[in-house]
Amino acid sequence: MAVLVDTNVLVDLAVRDPAWYGWSRSRLMKLAGREPLVINPIIYAEFSVRYRDIDEVDRLLPPDEFHRESLPWSAAFAAGAAFRVYRAAGGSKDRVLPDFLIGAHAAIGGYAILTRDPKGYRAYFPDVPLISPETHPL
């Protein structure tokens, strides 16, 4: 099964986050070569805000290691629908639409998500398999 790699895992590696680097690196290394690793334009954009040069981003997220896939239109619709439910239920503005786009992409594509922040995905995309610290501790 292909795995959509959440932005937080990629950032953990890039900034060598002291709390999460070990877990994120371990999980990514276990998946690399066994499962296709996928990113989409939302993940790429969220990751790239730390850099001024696209070549540097492409060096850190090489296309031969991270398959780049466009967001399907059906995933965009599913994200909007889930976000509407979230907001109607009183959801705060701290969870933003990109999280829903990533979750919907995984749901529509039949992918798992590698993330250290599974809460929103679990709540709004319960059928998406999650690889998280809760399900895959070190």
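Things to note:
- Where GluC sites (Glu not before Pro) fall in DSSP loop in region 9-106, at most 15 other Cβ within 10 Å: Glu65
- Across Ser92, Ser26, the residue with the most accessible area heads the list, and the full order at a 1.4 Å probe is Ser92, Ser26.
- The tail of the calculated P(r) for region 6-138, taken as Cα-Cα distances beyond 20 Å, holds 46 percent of the pairs.
- Positive contributions from Lys and Arg (+1) and negative ones from Asp and Glu (-1), summed over other residues with Cβ under 13 Å from the Cβ of Pro62, come out at -3.
- For the chain, the carbon plus sulfur part of the accessible surface works out to 57%, probe radius 1.4 Å.
- Summed over the residues of region 39-135 and divided among them, the accessible surface reaches 56 Å² per residue at a probe radius of 1.4 Å.
- Kirkwood Rh, Cα atoms: Rg over Rh of region 1-51: 0.97
- Each helix, a run of at least 4 DSSP H residues, gives -39500 (n - 2.57); summed and divided by the residues of the chain, these come to -15000 deg cm²/dmol at 222 nm.
The values are calculated or read from the model by the stated rules, or taken from the named source; none is laboratory data. Note that the structure is a prediction, hence the values are computed from the model and not measured. Note that each Cβ is placed from the backbone with ideal geometry, even for glycine, and that neighbours are counted across all protein chains shown. The accessibility values were calculated without ligands, DNA or RNA, using every heavy atom of the protein model including side chains. Shrake-Rupley method; radii C 1.70, N 1.55, O 1.52, S 1.80 Å.
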